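Structure first, then comments.
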Amino acid sequence: EKELTVKYSKTQDVATAARLVTANLRLVVKLAYEYRRAYKNIMDLIQEGNIGLRQAVKRYDPYRGVKLSSYAAWWIRAYI
């Protein structure tokens, strides 16, 4: 994951971003289930969480010392 994030930060490669998003989809589902009681449709929550995950991958800086999953959790919750 570290290698992929460094590669994406240098090249902005779409395939690398897609691989990072795919690798963290379980995190989106886990966080969406935390909000399941407040909202009826879990698929809408997952869809919004995926948008947040893409935003996190786009804005992530691998040199700050924070894992992508920790950074992405903040963006996913913000979009949900």
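The values are calculated or read from the model by the stated rules, or taken from the named source; none is laboratory data. Fair warning: this is a prediction, and the values are worked out from it, not measured in the lab. Please note: Cβ atoms are built from the backbone with ideal geometry, for glycine as well, and neighbour counts cover all protein chains shown.
Annotations
- Single residue of segment 37-56 satisfying the filter (over 10 Å from Ala72 (Cα atoms) and among the hydrophobic types (A, V, I, L, M, F, W, C)) that is farthest from the chain's Cα centre (by Cα): Ala38
- Comparison of Lys2, Lys30, Lys58 shows that the only residue that is without any contact (Cβ under 8 Å) to a residue 24 or more places away in the chain and not acidic (Asp, Glu) is Lys30.
- Residue in segment 10-23 that is of a type in the set (Lys, Arg) and at pLDDT 95 or above present: yes
- Flag if Ala78 is touching a residue at least 24 places away in the same chain (Cβ under 8 Å) and at negative phi: yes
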